[in-house]
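Visitor: My questions all concern the structure below.
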Amino acid sequence: MAKGRLTRLGRYKILGEVGRGAMGVVYKAHDPVLDRTVALKTIVMTQDASGRTEYEARFFQEAKAAGRLNHPAIISIYDFGEEGDLAYMAMEMIEGTELRDRMLQGAIPVREAIDIAEQVADGLGFAHERGVVHRDIKPGNIMLMPRGRVKIMDFGIARVRISDLKTQTGTRIGTPKYMSPEQVLGQPVDHRSDIFSVGIVLYEMLTRSSLFLGTDTEQVMYNVANIQQISPSRLNSEVPATLDLVVKRALEKDPGVRYQDTYEFASDLRNCLAELGGREAPASAVVVDTLPLDAPAAAAGRGGEAEKTMKPDAEKAVDKTILLAPSASAPESRLALSSRFNSVFALQRLAAPTKRDLVLFARVPRPIGIWRRLRHDRDLRRLIATIVTAALVGGAIAFI
Amino acid sequence: MNNAAISPPLASVVYLKVHEIARRPVLEQARLRAQLEAIIAVTIAELAPEERIVLDATDGAAVAVFRNPCKALQIAERALPAAGAGLQLRIGINHGAVELAAHGGGHNALTGDGIATAASAAHFASPASLLMTRSFRDALADASPDLDVSLRPAGVFSDAGLRSHELFSPDKGAAARRRKRFLAIGAVAVIGFIGAGVAVRFATVDREQRFDRLFEKVGIPLGDYRQALRRSIGIIGL
């Protein structure tokens, strides 16, 4: 990294520091050519010569792909380049609040949460259509703008950072809390991974709680791959039943069962908004069958940068998780009581059984003996009676 | 020690899995769920509220029925025709242990092998069909010994955890076929025993007449010893 205070990068004049991330610093800068203020995101290049070539190639490829994305919900990239050990991206300078900070400030109303998720899904749908997968959707990468608009940040950065995992032992690559199961299992990632991540963000906005918690990275990754979430409506009664289904479908562990199209996800969210009376459902909001979307970046491998908490032995953790992960078809053994049916009486009986109930509930089925069988089975009884009678009659005919 | 005091309660769990619900659009999922709830409401109407608990599953619903395997079977059999209305159900029934548990957000849940095994059985059932476990068959036979004859083995299946389940499926025609089989066996027995009696009888009469002709031909007087002789010859099989 450049030593001392940075005053200029490429043609940009640095005005001040906006923030710091795991990969570098974000500056507020001035573009003298177009006379506008930009956000300049810098990324430190690796020192290793062979690694650097690969790193640069990937950075520029991703920056170009992200630069082609022109959507109201995606931050615009104006320019990119490198100088010394620093690669940089000049982006639209936006004033707003990160969703992460907004979530820390307090509860987000259901309607607003759906609106944010819908805008993010819409923006992602636009990017996915052009073959760009974000791979690092999390509250820290979603900026809330004035008048309810949303911007997705850091497109393509996550994929650039994969090389860190491969080349720099012990590099922190981020928390897996918002990764998809295929990401934590090291399987190929496509646009459906982003859908899962938006599902997590939406779940957390709705329930005001973290979905995949754990005491360490391995546990969080295990939970991401295996734990089935409680319906949001059980944690927040304002959540409508349809939204439960939308969240559930976005958070399916199997990408093949999840939403296949981000626009379909966005459309369902719009329907939920309409159900809540928040916004008119568009005429095209009729839900259609899912269509697979072939993103060229599908086979890009595991992504997911991030911010602060990944352990140095992240690769080891990934391997362990693969071993631990059971099949997605493992049966459910804990089911919540249906809110549509009144089960209070049976619950009371279970919670405080009488002595008679204790005996009856625990009674193991007895094997049926021949006498019980005969007593209850009329057909068998008739057969035996017929045989015995026939034998007696036959004997009588023969010997009397 | 009192076993009843430490054993978890046993219940017959009917697991109603909607075929491929997760792959369907959300609005259709909502419609199918509403349909499923309506079916459950109708099928459990006869059960007293303290005898059943209705549970939500990610791919359908489950009903835990206490102390009444026959009713559990009835619920499943009544729910199956819903396939005609576009709701393809895969139903699994198991009789096993269940226990109350917390589910987050202060809500109750039911957990236990009774549910997990019923879910496995439902997983193996094809759309619009019903499979039940060996333990449910035993419970059903215990509750109503004439009902278990209407089940037939469906095979042994291994789940994701490599647990084997011996499963049975209902067979409406099984009781009728068994009755016919019994009728045939009864008829054969009647014909066999009576025929044998008649044959023995005829053989005995015929033999007596042959002996009489033989004695007359050889000139043996038909005296007091004739009967004894005839019996002796009969005994040695001539």
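Visitor: Given contacts defined as C-alpha pairs under 8 Å and at least six residues apart, what's the relative contact order of the stretch A:53-103, whole-number percent? Present the calculation step by step, with values, prior to reporting the outcome.
Guide: On the way: 35 pairs, mean separation 12.2, N = 51.
This gives 24 percent for the stretch A:53-103.
Visitor: Chain B: D in µm²/s via Stokes-Einstein (Kirkwood Rh, Cα pairs, 25 °C, 0.890 mPa s)? Each step should come with its number before you reach the end.
Guide: Values: Rh = 22.2 Å.
Diffusion coefficient, whole number: 111 µm²/s.
Visitor: Additional query: Under 5 Å between amide H atoms, partner at least 5 residues away or on a different chain: which partners does A:I74 have, H built in plane at 1.01 Å?
Guide: A:I152
Visitor: What order do you get for A:235-243, A:208-216 when each peptide is scored by the mean count of other beta carbon atoms within 10 Å, highest first?
Guide: Values: A:235-243: 17.9, A:208-216: 14.2.
In decreasing order of mean packing, A:235-243, A:208-216 become A:235-243, A:208-216.
Visitor: Now for a separate question. Work out from phi, with θ = phi - 60° and the Karplus expression 6.51 cos²θ - 1.76 cosθ + 1.60, the ³J(HN,Hα) of each residue of the stretch B:131-138, listed in order in whole Hz, and give x for Gly and Pro.
Guide: Those phi angles translate into 10, 10, 7, 4, 5, 5, 4, 5 Hz.
Visitor: Now for a separate question. Expressed as a whole number of Å, what is the distance separating the alpha-carbon centroids of the stretch A:110-149 and the stretch A:174-243?
Guide: Value for the Cα centre distance between the two parts: 16 Å.
Visitor: Does anything in the stretch B:117-156 have its amide N under 18 Å from the 7 Å Cα→Cβ label point of B:E28, and if so which residues?
Guide: Under 18 Å, as judged by backbone N against the label point of B:E28, lie B:127-128 of the stretch B:117-156.
Visitor: Let me ask something else about it. Taking each residue of B:151-162 in turn, how many C-beta atoms of other protein chains fall within 10 Å of its C-beta, and what is the average? Intermediate results must be reported in sequence, preceding the final value.
Guide: Working: counts 0, 0, 0, 0, 0, 0, 0, 0, 4, 6, 4, 0.
If you average over the peptide's residues, the count of other-chain Cβ atoms is 1.
Visitor: Next up: Using modelled backbone amide H atoms (1.01 Å from N, in-plane), which distant-in-sequence or interchain residues come within less than 5 Å of A:D261's amide H?
Guide: A:L291
Visitor: Something else: How well do other chains shield peptide B:185-197, expressed as the mean number of their Cβ atoms within 10 Å of each residue Cβ?
Guide: 6
Visitor: Taking K and R as +1 and D and E as -1, what net charge do the other residues with C-beta under 13 Å from the C-beta of A:I14 add up to? Numbers along the way, then the final one.
Guide: Details: positive: A:R5, A:R8, A:R11, A:K13, A:K28, A:K41; negative: A:E17, A:D31, A:E83.
Summing Lys and Arg as +1 and Asp and Glu as -1 gives +3.
Visitor: Still on this model: Could you tell me which of the pairs A:K64/A:K253; A:K13/A:K138; A:K177/A:K248; A:K41/A:K64; A:K151/A:K248; A:K13/A:K151 are separated by over 21 angstrom between their Cα atoms in the structure shown? Provide the component values of the computation, followed by the final result.
Guide: Values: A:K64/A:K253 31 Å; A:K13/A:K138 30 Å; A:K177/A:K248 17 Å; A:K41/A:K64 15 Å; A:K151/A:K248 24 Å; A:K13/A:K151 25 Å.
From A:K64/A:K253; A:K13/A:K138; A:K177/A:K248; A:K41/A:K64; A:K151/A:K248; A:K13/A:K151, over 21 Å: A:K64/A:K253; A:K13/A:K138; A:K151/A:K248; A:K13/A:K151.
Visitor: Separate question: Long-range amide H contacts for A:V25: which residues qualify at under 5 Å (H placed 1.01 Å from N, peptide plane, sequence gap of 5 or more or a different chain)?
Guide: A:T42
Visitor: List, in order, the whole-Hz ³J(HN,Hα) value for each residue of the stretch A:367-373 obtained from phi through the Karplus relation with A = 6.51, B = -1.76, C = 1.60 and θ = phi - 60°; use x for Gly and Pro.
Guide: x, 7, x, 5, 5, 5, 4
Visitor: Whole-Hz ³J(HN,Hα) for each residue in the stretch B:151-159, computed from phi via Karplus 6.51 cos²θ - 1.76 cosθ + 1.60 with θ = phi - 60°, x for glycine and proline: what do you get?
Guide: 10, 10, x, 9, x, 10, 10, 10, 8
Visitor: Which one, A:I94, A:Q105, A:G84, projects farthest toward the positive side of the charge dipole computed for the stretch A:72-112 from Cβ point charges (K/R +1, D/E -1)?
Guide: The listed residue farthest towards the positive side: A:Q105.
Visitor: If packing is taken as the average number of other Cβ atoms within 10 Å across a peptide's residues, how do A:376-386, A:194-204 rank, most packed first?
Guide: Put in order of decreasing packing, that is A:194-204, A:376-386.
Visitor: Sticking with this structure for a sec: Using only alpha carbon positions, build the gyration tensor of the stretch B:32-102, then give the equivalent ellipsoid semi-axes as the square roots of 5 times its eigenvalues, largest first, whole angstrom.
Guide: Values: eigenvalues 78, 40, 26 Å².
So the three semi-axes of the stretch B:32-102 are 20, 14, 11 Å.
Visitor: Just how many pairs of Lys in chain B have C-alpha atoms closer than 30 Å, counting pairs that are eight or more places apart or on different chains? Don't skip to the end; give the middle numbers.
Guide: Numbers: B:K17/B:K71; B:K17/B:K172; B:K71/B:K172; B:K71/B:K180; B:K172/B:K180.
Counting lysine pairs in chain B gives 5.
Values in this text are rule-based calculations from the coordinates and carry no lab data. The structure presented is a predicted model; accordingly, all values stated were derived computationally and were not measured. Here Cβ is always computed from backbone atoms with ideal geometry, including for glycine, and neighbour counts include all displayed protein chains.
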